[in-house]
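Working notes, beginning with the structure itself.
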Amino acid sequence: VSTNGGLKWVRVSVPQYRVPGETATLQCDYDLGNDTLYAVKWYKDHEEFYRFVPKARPQAISYKVEGARVDTPQTRHCGSGFN
């Protein structure tokens, strides 16, 4: 992804398969250039289960979505470990 002066690239890593009960780690990397991050949101089956907004309080919120549980202590704004 490339835009004028903003987001230059994004890489998202999501395991294709996961054994039920085992943890899956979701990871994203990006280059904003000179811009600031507005939000990172993760979805499962079109339902948002995690949101990070740097200017909001609290910055990180997780939502109950069947099959997705966010391990908050292991969560960074662009990475998410979930069971």
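Numbers below:
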{"quantity": "Top-ranked residue of region 39-66 - restricted to ones that are in a loop (DSSP other than H, G, I, E, B) and surrounded by 11 or more Cβ atoms within 10 Å (Cβ to Cβ), ranked as nearest to the chain's Cα centre (by Cα)", "calculated": "Ala39"}
{"quantity": "Tally, over region 49-72, of residues that are aliphatic (A, V, I, L, M) and either farther than 20 Å from Pro20 by Cα or touching a His at 6+ places or on another chain (Cβ under 6 Å) (or both)", "calculated": "4"}
{"quantity": "Top-ranked residue in region 16-31 [being assigned to a loop (DSSP other than H, G, I, E, B) and surrounded by 12 or more Cβ atoms within 10 Å (Cβ to Cβ); ranked as modelled with the lowest pLDDT]", "calculated": "Arg18"}
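The values are calculated or read from the model by the stated rules, or taken from the named source; none is laboratory data. This structure is a prediction, so every number in the text was calculated from the model and none was measured. Ideal geometry is used to build each Cβ from the backbone, glycine not excepted, and the neighbour counts take in all protein chains shown.
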